[in-house]
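A short worksheet on the structure shown next.
Read-outs: derived from the displayed coordinates by stated rules, not from any lab. A quick note: this is a predicted structure, and the numbers were derived from the prediction, not measured. Every residue, glycine among them, receives a Cβ derived from its backbone with ideal geometry; neighbour counts consider all protein chains shown.
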Amino acid sequence: MIPIYKPYLKNREKEYVNRCLDSTWISSKGEFIDKFEKQFGLFIGSPHVTTVCNGTVAIHLALTALGIGPGDEVIVPTLTYVASVNTIVQTGATPVFVDSVESTLQMDADDVLRKITSRTKAVMAVHLYGLPCDMGRLVNICKDHQLYLIEDCAEAFGSFYRQQHVGTLGDIATFSFFGNKTITTGEGGMVVAKTKNLIDKVFHLKTQGVSKTREYWHDIVAYNYRMTNICAAIGLAQIEKADEILAKKRQIAQWYKQNLKDFPLTFHDELPDTQHSFWMCTMLLDSSEHRDALREYLQQNGIETRPLFPPCHTFPHLFIDRSYPVAESLSQRGINFPSYPDLEFEEISMICETIKKYFNGSR
Ligand SMILES: Cc1ncc(COP(=O)(O)O)c(C=O)c1O
C-alpha cells in the first residue's frame, strides 16, 4: 500500500530525542524549545513565535489573545479542516462562513466583503492544501474595515505570498506539526504574532497565566498548551532540512502534473504571486461520481488517497441550511494524492499509470 503520507524522519530526529532522554529534559522545558522556535522564526521571517502542543490549540490561543469571544463574528471559509471553526465556537464567538474560489480552493474575498457586519471582529484566512489565499485583498479588506486578520497556516509551511512567508501577513497566525504536515513534531503547533505584545499574551495564556516575577502566581483563566522538549527536538531536526523536504514535494507535484497532463484532472496550480508548498497534491475531477470511482480504483490497487474536506456548514454541530455552491462542489470533486518526500519517480509513475488505466477503462 502506498500511504497518503508518512513523515520524513531522516535527519537528526533520533539523536536529538535521545539527548532529551539522556538529559531527562522530557517535559516542556529544555534546550530544544528555544532552538526550534529560533530556527522556525528565522525560516518564516518573524521573531515573535511560540511553540504549542498542536495546531488546534494554536488557533484557540490566537483567537483568545485577540480578545475574541461571545457576541463577535469571525469570517472563515466553510471549506476548511474543522479545527479552524471549532476553535471559533470554543471562544463563544460565531463563525460566519464564506464560499471558496474554484481555481484556487481558497476563501472568496468577494464573499468576505459581503459577510462583514457590525459584529465582525476578524477574518480567518486558511491557506488550504499549501496554496496561499489572496492575501493582497484580504489584508486590504481587514485594514479598511478595522478587522483582525488571522492566518491558519496548518497546511502551508513553506508557502509564500509575494516572497513573504504566510503567517507574517496578518495580525496572528498558527501552524500545525501533526505527522502528516510538511514538517512535523508528532503532535505540535506554533503561534506567530505581528507584535511582541501579542506573542507575550499568547505565552501567558499557554502557560496557565503564570507570573514571570512571582512564583505560582496566576492572574487569568488560562491553559497548559505547551509543547514538550521531545517534540521540539523532532521539530528542530525537521526545520534543519526544511528546504530539502520542500524541494522534494515540489518535484513530486511536477511529476504528477507532467505525467497526467493529458487526462481530465485539474491540477492545484501555483499562482504568479505565490509559492505553493504542495502539502497534498490536490486535483479536481469533473464530478463526484468520477472522483469516488477513481478513489475506489486506486484503493483496490494499493494507493491511498483523500477526498477534500466536507464543508464545515454541513456538519451537524455547525449546520447552516444554505448553499455554498463552490465549496460544496470542490469538496465532492477534489482528491489528494500521496505526496510524502520519500516518494520516488518510479512510485509516482506507477501511481500515474494506475490513474491513466482508470481513465482509459472508464472512457
Ligand atoms: C487547516 C487546518 N487547521 C488546523 C488544523 C489543526 O491542527 P492539529 O491537527 O495539529 O491540531 C489542521 C490539521 O490538520 C488543519 O489542516
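State the extension gain, in nm to one decimal, for the chain segment bounded by LYS261 and ASP273, taking 0.36 nm per residue of separation less the distance between their alpha-carbons.
Once the chain is fully extended between LYS261 and ASP273, it gains 2.0 nm.
Which residue, LEU149, SER211, CYS281, has the largest displacement toward the positive end of the dipole of the chain when charges sit on each Cβ (Lys, Arg +1; Asp, Glu -1)?
SER211
Cut-off 10 angstrom, C-alpha nodes, Gaussian network model of the chain. Which of PRO272, PRO70, PRO311 fluctuates the most?
PRO272
Would you work out the relative contact order for the chain, in percent, from Cα pairs under 8 angstrom that are 6 or more residues apart?
23
Given a Förster distance of 51 Å, report the FRET efficiency between THR24 and SER362 from their Cβ-Cβ distance, rounded to the nearest 0.05.
0.30
Which whole-Hz ³J(HN,Hα) couplings does region 112-123 yield from phi under the Karplus relation 6.51 cos²θ - 1.76 cosθ + 1.60, θ = phi - 60°, glycine and proline marked x?
4, 4, 5, 9, 6, 10, 5, 9, 5, 10, 8, 10
With r defined as the distance between the Cβ atoms of GLU244 and ASP321 and R0 fixed at 56 Å, what FRET efficiency is calculated, to the nearest 0.05?
That pair, GLU244 with ASP321, gives E of 0.75.
Quick one: what are the phi-derived ³J(HN,Hα) couplings along region 281-296, Karplus 6.51/-1.76/1.60 with θ = phi - 60°, whole Hz, x for glycine and proline?
Those phi angles translate into 6, 10, 9, 10, 9, 7, 8, 5, 4, 5, 4, 5, 5, 5, 4, 4 Hz.
How far apart, in nm, are two points set 7 Å out from the Cα along the Cα-to-Cβ line at LYS38 and at ARG114?
Using points 7 Å along Cα→Cβ, the separation is 5.0 nm.
Could you rank the peptides 19-26, 168-175 by their average count of other C-beta atoms within 10 Å per residue, with the highest value first?
Listed from highest to lowest mean packing, they are 168-175, 19-26.
Can you tell which of SER84, SER323, SER46 shows the greatest fluctuation in a Gaussian network model of the chain with Cα springs below 10 Å?
Between SER84, SER323, SER46, it is SER323 that shows the largest mean-square fluctuation.
Could you check the spin-label model distance between GLU346 and SER211? Points 7 Å from the Cα along Cα→Cβ, value in nm.
Those two pseudo-labels are separated by 6.5 nm.
With a point put 7 Å past each Cα toward its Cβ, work out how far LYS196 is from HIS145 in nm, to one decimal.
Roughly 3.3 nm, to one decimal.
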